[in-house]
Structures are given as C-alpha cells and as structure tokens.
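Encoded as structure tokens, the structure appears first; notes follow it.
Please treat every number below as a calculation from the coordinates, not as lab data. Nothing here was measured: the structure is a model prediction, and the numbers come from that model. Cβ sites come from the backbone with ideal geometry, for glycine too, and all protein chains shown count toward neighbours.
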Amino acid sequence: MATKQSVEERRKARVRRAIRKAANGRPRLSVFRSSKQIYAQVIDDERGHTLAAASSLEKDLRGKLKTGATVEAAREIGKLVAERARQAGVTQVIFDRSGYLYHGRVKALADAAREGGLDF
C-alpha cells in the first residue's frame, strides 16, 4: 500500500522529469508551500545554483503580511522572486509546481511572477 508521502514523492519526481525534458537550458522556478509559509527559488539545474529566492519569512514582508499562508502572500512572493530573477539576468524560466495542484497560492505566485516580468 502506497503511503501519502510516497505518492507525493512519485508525483514530484514525475513533474521534475517532464520539466527537465522541456527546460532547454532555462532555469526552473520552483515553489514550495507549507501550511504556514510559501517559498520560491529560481534554480539553474545545470550548475546546481540558486539564482534568486524569496519567501514569506523575510523580515521586510513579515510586517506587511498577516500570514504567509494566503494568496496575498503568494502574490507578494511572486513579484519579489521575479524582481530578483530579473536582477540576476533571468527572464525566461520553466515553472515547477512541485507536484502541487495549480490553483490557489501556487497559481497566484505564478501569475504574479509573470506580471513581474518572468516568461514561462
């Protein structure tokens, strides 16, 4: 019997495999969410480096946001990671939703990153 964790890990691996095939050298915008926070990183998988990152735990956002578990917080993180990625010279990325369904906070972060200038 498969556990919930093993099912999530398999789904995450399946999504990553598809992303690697479609990446064509573009960095990956990876999203991680917990029940209380949300995190985003732009990762260059060829070199194994993080090019830009943002999370709802950052001090300047803590005072602005009520909690990191809202769609509003995800929008702010999307804008911030897009701004930092552009400063690092990245405009095209591939979106890695990490096996999460594309709705709610994950969708809000992606939409805000697009508005912030990232192309995916």
### Task
Take the Cβ-Cβ distance between Leu57 and Glu9 as r, set R0 to 22 Å, and report the resulting FRET efficiency rounded to the nearest 0.05.
0.35
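To check you understand DSSP bridge types, tell me what percent of the beta bridges within the chain (both residues inside) are antiparallel, rounded to 5.
Around 75 percent antiparallel, to the nearest 5.
Could you work out the percent of alpha carbon pairs in the chain separated by over 17 Å, rounded to a whole number? Don't jump to the answer; show the numbers that get you there.
Working: 3862 of 7140 pairs.
Here the long-distance tail beyond 17 Å is 54 percent of all Cα pairs in the chain.
Before rounding to the nearest 500, sum -39500 (n - 2.57) across all DSSP H runs of length at least 4 in the chain and divide by the residue total; then give [θ] at 222 nm in deg cm²/dmol.
Values: 4 runs with 51 residues, N = 120.
Result for the chain, helices only: -13500 deg cm²/dmol.
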#### Entry: Distance between modelled label sites at Arg16 and Thr50, nm, 7 Å Cα→Cβ extension
1.5
### Task
Give the long-range amide H neighbours of Ile94: residues separated by 5 or more places, or on another chain, with amide H under 5 Å away, using H modelled in the peptide plane at 1.01 Å from N.
Arg28, Leu29
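What's the longest uninterrupted piece of the chain once you rule out the trypsin sites (Lys or Arg not before Pro) that are loop residues per DSSP with at most 15 other Cβ within 10 Å?
Here the longest run is 67-120.
How about segment 45-101: which GluC sites (Glu not before Pro) there are in a DSSP loop, with at most 16 other Cβ atoms within 10 Å of their Cβ? Walk me through the numbers before you get to the answer.
Working: sites: Glu46, Glu58, Glu72, Glu76, Glu83; in loops: Glu46, Glu58.
Counting only loop positions with at most 16 other Cβ atoms within 10 Å, the GluC sites (Glu not before Pro) in segment 45-101 are Glu46, Glu58.
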